[in-house]
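Accompanying notes for the structure given below.
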Amino acid sequence: MADRSWQRLIGIILLLTLTACAGPQPILRSNKQLHVYGKQMAQQEVESCQRHVEQAGLRPGTNQSANAATGALLGLTLGGAVGASAGVVGGLPGVTIGAAAGSGIGLVVGLLGGTFKPLEPDPPYADAVTSCLKDKGYEVRGWE
């Protein structure tokens, strides 16, 4: 049983590590600039604008690991509460088992739900990157 807990913990840490670097990226609208220079050049321009904005002290803010951690904590808490209340019928052992089972299920569901939550950058960061790209002839239609 202890081996299974360690495997689960390692899996969660691995998932958080893999998603930690993913940040919100601008979605460019198809326009003349994008067609003339192509997607590869546009991606280089996006990265250049992001570096410029980050050097000015602004940060993208939201990332998948933060979303996943928030979802996991919320799922753990709510799952434990629901599981404990469902286990009331079985007395103290039922409450304990219900809380443990609910917490485990809530943790996994919250973690997965948080991981796939859409990413949106902090507004000042998004405005600065959008302005930089606009100055270069690109149009931002959203973030992902």
Which of the peptides 136-142, 35-41 is most tightly packed, and how do the rest follow, going by the mean number of other Cβ atoms within 10 Å of each residue?
136-142, 35-41
Cut-off under 5 Å, modelled amide H: who pairs with R59 long-range
none
Placed amide H near G142: partners under 5 Å, 5+ positions off or other chain:
I27
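Computed from the coordinates by the stated procedures, all read-outs in this text should not be read as laboratory data. Given the structure is predicted, the values throughout are model-derived calculations rather than measurements. Positions of Cβ are generated from backbone atoms using ideal geometry, with glycine treated the same way; all protein chains shown enter the neighbour counts.
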